[in-house]
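The values are calculated or read from the model by the stated rules, or taken from the named source; none is laboratory data. Because the structure is a prediction, the values reported are computed rather than measured. When we count neighbours, we look across all protein chains shown, and the Cβ atoms used for this are built from the backbone with ideal geometry, even at glycine.
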Amino acid sequence: MSNNPPTAATLITVAPTGAESEKSAVLALPVTLDELVTTAKECQAAGAAVIHVHIRDDQARPTLDLSRLKDTVAALREGTGLIVQLSTGGAVTDSFDNRIAVLDAAPDACSLTCGTVNFGEDVFHNPYPFIRDLYARTQELGVVPEFELFDFGHIATLHRLLAGHGAPHGGHVHCDLVMGVPGGMPGDAATLTQAVSALPEGATWSATGIGRTTLPVMFAALAAGGHLRVGMEDTVTFAKGRPGPASRDAARARPRHAWGERP
Ligand code: KMH
Ligand code: ZN
């Protein structure tokens, strides 16, 4: 049984863009600032409360350009009431320095991945000294980290980080289980249950499943009393040849309005 009171809302985080899909292959991907703000407004109207942001340059390539990031934070604050969470994961090719500098754009929140993981044919690098420096910078600047956990070792690293460096800004630990990445933990109910039981005491959590693990992870997370991350960063297709929903439609999965309520 979950300890959530029956009225507790399900937090929906929308991740509309990501760094991995190409605009030419996924035409609905929001890549300009206008497209991003429009999507953000639609997702807010559909029930999202947080936006996880990756931005693109004029050629729609992933970028961590600081002035664009600052403009993006300002535009999302101006146009929406969403909590603005900037990605510090960036693309697999981004440098550690540039990823830490993302925090200088002064978002409300940021992602903070707790370990290295094979990422399809690539490697998403997050060695412990980088994690520690990034975490220290969130504490210094007052940015709330969301701990992204792609595998069980990442959960162990989160415990190590909190034990060695104290509580995050705001005092509360919130995690996102990112499941079904080729190289990370599988996206199924048994794995989700085990991962949740290993989280730090008192932590809240959401979950997201990549591609074909989207729906299994979503339903397992709801059944286990968790929150959700949805959107085209993680779900371009539900299965080969079966496109996933646009981010705003995925945000409409808000259980109060659609499929049910958390237990
Ligand atoms: N693009 C992935 C390599 C994050 O945003 O913090 C990493 C990622 C995680 O998307
Ligand atoms: Zn991301």
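Pick from ASP104, ASP133, ASP97: which is touching a helix residue (DSSP H, G or I) at 6+ places or on another chain (Cβ under 8 Å), over 30 Å from ALA45 (Cα atoms) and charged (D, E, K, R)?
ASP133
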- Of the residues GLU146, GLU121, GLU140, which is out of contact with any helix residue (DSSP H, G or I) (no Cβ under 7 Å at 6 or more places or on another chain), within 14 Å of ligand 2 (Cβ to nearest atom) and farther than 16 Å from LEU69 by Cβ? GLU146
- Message: So, GLU121, is that one within 13 Å of ligand 1 (Cβ to nearest atom), without any contact (Cβ under 8 Å) to a residue 12 or more places away in the chain and surrounded by fewer than 17 Cβ atoms within 10 Å (Cβ to Cβ) or not?
- Response: yes
- Only one of VAL178, VAL196 is crowded, with 21+ Cβ neighbours inside 10 Å and either without any contact (Cβ under 8 Å) to a residue 40 or more places away in the chain or within 20 Å of THR88 (Cβ to Cβ) (or both); which? VAL178
- Message: Looking at the stretch 227-250 only, could you name the residues that are without any contact (Cβ under 8 Å) to a residue 40 or more places away in the chain, assigned to a loop (DSSP other than H, G, I, E, B) and not charged (D, E, K, R)?
- Response: THR235, GLY241, GLY244, PRO245
- Item | Yes/no for GLY164 being touching a residue at least 12 places away in the same chain (Cβ under 8 Å) and either farther than 29 Å from GLN194 by Cα or within 16 Å of ligand 1 (Cβ to nearest atom) (or both) | no
- Message: Tell me the residue from SER67, SER21 that is hydroxyl-bearing (Ser, Thr, Tyr) and in contact (Cβ under 8 Å) with a residue 40 or more places away in the chain, please.
- Response: SER21
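Residues checked against (1) within 16 Å of ligand 2 (Cβ to nearest atom); (2) modelled with pLDDT under 95; (3) touching a strand residue (DSSP E or B) at 6+ places or on another chain (Cβ under 6 Å); (4) among the aliphatic types (A, V, I, L, M):
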| site | (1), (2), (3), (4) |
| --- | --- |
| ALA25 | no, yes, no, yes |
| LYS41 | no, no, no, no |
| VAL50 | yes, no, yes, yes |
| GLN59 | no, no, no, no |
| LYS70 | no, no, no, no |
| GLY79 | no, no, no, no |
| ALA109 | yes, no, yes, yes |
| THR116 | yes, no, no, no |
- Task: Report whether or not ASN98 is within 16 Å of ligand 2 (Cβ to nearest atom) and more than 18 Å from the chain's Cα centre (by Cα).
- Result: yes
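Yes/no per residue for (1) charged (D, E, K, R); (2) within 18 Å of LEU86 (Cα to Cα); (3) surrounded by 14 or more Cβ atoms within 10 Å (Cβ to Cβ); (4) at pLDDT below 95:
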| position | (1), (2), (3), (4) |
| --- | --- |
| PHE147 | no, yes, yes, no |
| PHE152 | no, no, yes, no |
| LEU158 | no, no, yes, no |
| ALA163 | no, no, no, no |
| GLY171 | no, no, no, no |
| GLY184 | no, no, yes, no |
| ASP188 | yes, no, yes, no |
- Neighbours by Cβ (under 8 Å, 6+ apart or cross-chain): first from the stretch 72-101, more than 9 Å from ligand 1 (Cβ to nearest atom); second in a loop (DSSP other than H, G, I, E, B) and of a type in the set (A, V, I, L, M, F, W, C): VAL73/ALA106; LEU76/LEU82; LEU82/ALA48; LEU82/ALA49; ILE83/ALA49; ASN98/LEU64; ALA101/LEU64
- Selection count where residues are in a helix (DSSP H, G or I) and either of a type in the set (Gly, Ala, Ser) or over 16 Å from THR138 (Cα atoms) (or both), scope the stretch 151-172: 10
